[in-house]
1. Anything in the range 143-158 that is in contact with a helix residue (DSSP H, G or I) (Cβ under 6 Å, 6 or more places away or on another chain), closer than 20 Å to PRO80 by Cβ and surrounded by 22 or more Cβ atoms within 10 Å (Cβ to Cβ)? List them, or say none.
2. What helices (runs of 4 or more DSSP H) completely inside the range 1-89 contain at least 2 residues that are among the hydroxyl-bearing types (Ser, Thr, Tyr)?
3. Which numbered condition trips up ALA105, out of (1) surrounded by fewer than 19 Cβ atoms within 10 Å (Cβ to Cβ); (2) over 24 Å from GLY231 (Cα atoms); (3) in contact with a His (Cβ under 8 Å, 6 or more places away or on another chain); (4) not polar (S, T, N, Q)?
4. Only one of LEU103, LEU182 is under 30 Å from ALA72 (Cα atoms), among the aliphatic types (A, V, I, L, M) and out of contact with any helix residue (DSSP H, G or I) (no Cβ under 6 Å at 6 or more places or on another chain). Can you tell me which?
5. Please find, within the range 108-133, the residue that is farthest from GLY229 (Cα to Cα) out of those that are among the basic types (Lys, Arg) and surrounded by fewer than 20 Cβ atoms within 10 Å (Cβ to Cβ).
Amino acid sequence: MSTHAEKCDRFLALHHGDAPLLLPNAWDPGTAKVFAHLGFSAFATTSAGHAATLGRLDGHVTLAEILEHATALASATDIPLNVDFENAFADDPAAVAVNIGKLVATGAAGGSVEDYSRKRDDPIYERSLAAERVTAAAEAAHGSGPHFVITARAENLLHGRSDLADTIARLQAYQAAGADVLYAPGLSNIDDIRSVVSSVDLPVNVLALPNVPPVADLGAAGVRRISVGSGFNLVALGATVEAAKEFLESGTYGFWSLAASAGPARDAFR
């Protein structure tokens, strides 16, 4: 098995390759093993998918639970893990630094810090505070030991704020604050994506939503990482719902045809 430092170094290097890093999001050690077995170079957690395994909605997992989850997934495979760390479970920069230190100790190779405050009346941190939080996270991640990869997320587009100029200004501030990777989930228009990529000097992650251009086009636009968020988890839940409804409502077993593609999963567990 690779050391923690080797995983961190490899994860950072994967953002500077010739093609975008494809980052699937796992929700348990089993899916982590499947992604490694299929040949992915790294993987991430999904906060929504993790919450779903606990019977909860996104945003309803505790710090202790996410640290336990990260520890389990980081040790499940030999490929680097990036953790969806929400808003680092803190508003104050000093507390963000403490929590990032705890995340580094799980063995993960990287983690994200959002500027989403979780407050209904003011969902996005003021820009200067958001940048201070990234600075605190980066200092905790880069201060000693492995170079833990910090992804700074600008959450405007997920919360009804379509101001691209502000999103770019935020990402530029997070770059200056010491982030390693930048991410504005919700970007879909290729011209907007090009604008973001050309406005910063760090690798940019794009979330693969249904209306997002394909990997080849994103790569040509300069995107360096593409993740799926809760997408694969929702696909699995959707297939389960359809199978269960067939069994409950029709009394038939056509759902077994969906199981034909599960062979690689069993192979990953050997």
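Throughout, read-outs are computed from the coordinates displayed, never taken from laboratory work. The structure presented is a predicted model; accordingly, all values stated were derived computationally and were not measured. Cβ sites come from the backbone with ideal geometry, for glycine too, and all protein chains shown count toward neighbours.
1. Within the range 143-158, the subset in contact with a helix residue (DSSP H, G or I) (Cβ under 6 Å, 6 or more places away or on another chain) is 146-150, 152, 154, 156.
Subsequent filtering for residues that are closer than 20 Å to PRO80 by Cβ retains 146-150, 152.
PHE148, VAL149, ILE150, ALA152, listed by residue number.
2. Those helices (runs of 4 or more DSSP H) span 47-53.
3. Result: ALA105 passes all but (3).
4. LEU103
5. Taking the candidates together, the pick is ARG127.
Rundown of residues vs (1) without any contact (Cβ under 8 Å) to a residue 24 or more places away in the chain; (2) more than 20 Å from GLU114 (Cα to Cα); (3) among the aliphatic types (A, V, I, L, M), yes/no style:
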{"position": "TRP27", "(1), (2), (3)": "no, no, no"}
{"position": "ALA32", "(1), (2), (3)": "no, yes, yes"}
{"position": "LEU54", "(1), (2), (3)": "yes, yes, yes"}
{"position": "GLU65", "(1), (2), (3)": "yes, no, no"}
